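First the structure, in the form of structure tokens, and then the observations on it.
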Amino acid sequence: MHPKYLSIKDFTYQLPEEKIAFHPLAERDSSKLLVYHDGVIEESVYRNIADYIPDNSLLVFNNTKVVEARLFFQKPSGGVIEIFCLEPHEQYADITTAMLQSQKVLWKCLIGGASKWKHGQVLEKNIDLSGIKLQCRFVERRTDCFVVALSWNSSLSFAEVLHKAGAIPLPPYIKRNAEGEDSERYQTIYATHDGSVAAPTAGLHFTPAIFENLKEKNIQTDFVTLHVGAGTFKPVKAETMEKHEMHGEFIDVSIEFIENLIKNLNNAIIAVGTTSLRTIESLYWLGVKKSVAANNQPLDIAQWEPYETDTNISPKDALTALFDWMKENNIQKLITKTQIIIAPTYKPKIVNALITNFHQPQSTLLLLVAALIGDDWKKVYEYALQNNFRFLSYGDGCLLNFTS
């Protein structure tokens, strides 16, 4: 059955509020780890994760960095307007380009208190004590967001402005304001590229000690970048997936990573987080496009494209076609958008295992887990609920083994 006909009601479970982790544990790697393999479940902690990963595996991490995307402006009357910066205006080629803009930028946003923002009123706030001011002007209203123009009187990049003036955007189900610890803990230790409004949470558990343990076992690590958008929290409100529009997200992958992926196709390839998995699987479908002679299709991935593309192209051939195209065109980094939705009946093309947290009921992330381990997702989640695992972004996680 085409996944567009799936009913989201078949992918739900009861999640009591007391099971949600509202704060991180004191130590990243002390989080509990559920290990699933061939229907069998065992329990450990993250600091021991290397014991459950085969030698010579390749672990792929998402090195995106969460930006301080929430800006609060106080009106002269005292009221507060919240600007939640979602993603750059389409005039910019990619998120990195937009983040490096100086003095002014256009951004797609959600606005808290929009009805109280009078037409033509310029919002303003001081960035720091040096006299730098940030101004915000309304540009247009769209179906699912607003466009605003932000400007500031200095040579700071927009990423630097957000760092100074904004707040970390905790997930909507963590019903508290961001605190000091969140600046560090809602960020992986290897976060490098500014652009996400949500953390790739599977990576929050990893520490320098874990990376040392992986190295001792000859387990390779490599990195991709997928900038996580607020759409990752978008609830599925439609009865069937056909009417749910999957959010698109920017991916940024080097030619060296693709070459490394090709070299490791005979080893276990393990995605750390759903974003890493979506990026790797998207690379396969991008390679399929480049494998087809005289294919001039846009080099991005639409929501249902993998389910409506008839192909027997092997992972090696697909990735090699993508690598060769990049090399021939002297492209060192592939930057594009993926809207891929991974749901039952999807069969992973490249990835063999996934490290991930426990996700919300009736979410596209839960659909992804169900695509990988079938109905055993219910068994895994029931075990986690009955054995005091902590759920969602600051919660515990699991290592799900399957065959690609």
Of the numbered conditions (1) over 21 Å from residue 204 (Cα atoms); (2) surrounded by fewer than 17 Cβ atoms within 10 Å (Cβ to Cβ), residue 367 fails exactly one; give the number of that condition. (2)
Residue 303: open to solvent by less than 50 Å² (accessible area, probe 1.4 Å) and either free of Cβ contacts under 8 Å to residues at least 60 places away in the same chain or in contact with a Phe, Trp or Tyr (Cβ under 7 Å, 6 or more places away or on another chain) (or both), yes or no? yes
Residue in the stretch 238-257 that is nearest to the chain's Cα centre (by Cα), counting only those that are of a type in the set (A, V, I, L, M, F, W, C) and farther than 11 Å from residue 279 by Cβ: 246
Might you check whether a residue that is in contact with a helix residue (DSSP H, G or I) (Cβ under 6 Å, 6 or more places away or on another chain) and either at pLDDT 95 or above or basic (Lys, Arg) (or both) occurs anywhere in the stretch 144-158? yes
Note on the stretch 222-235: residues assigned to a loop (DSSP other than H, G, I, E, B) and either touching a Leu at 6+ places or on another chain (Cβ under 8 Å) or small (Gly, Ala, Ser) (or both) are 229
On the given criteria, is residue 87 open to solvent by 20 Å² or more (accessible area, probe 1.4 Å), without any contact (Cβ under 8 Å) to a residue 60 or more places away in the chain and charged (D, E, K, R)? no
Can you pull out the strands (runs of 3 or more DSSP E) entirely within the stretch 1-83 that have at least 3 residues that are modelled with pLDDT of 95 or more and surrounded by fewer than 17 Cβ atoms within 10 Å (Cβ to Cβ)? 40-45
Matching option when the condition is within 26 Å of the chain's Cα centre (by Cα) and among the aliphatic types (A, V, I, L, M), among 129, 134, 156, 110: 110
Looking at the structure I just gave you, is residue 333 open to solvent by 70 Å² or more (accessible area, probe 1.4 Å), closer than 30 Å to residue 93 by Cα and at pLDDT 95 or above? yes
Among (1) open to solvent by 40 Å² or more (accessible area, probe 1.4 Å); (2) under 19 Å from residue 368 (Cβ atoms); (3) without any contact (Cβ under 8 Å) to a residue 60 or more places away in the chain, which single condition is residue 345 missing? (3)
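The values are calculated or read from the model by the stated rules, or taken from the named source; none is laboratory data. In this text the structure is predicted, and so the values were computed from the model without any measurement. In this analysis, Cβ positions are derived from the backbone assuming ideal geometry, glycine residues included, and neighbour counts consider all displayed protein chains. Ligands, DNA and RNA are stripped out before the accessible areas are found, and what is left, the full protein with its side chains, is counted by its heavy atoms. Shrake-Rupley method; radii C 1.70, N 1.55, O 1.52, S 1.80 Å.
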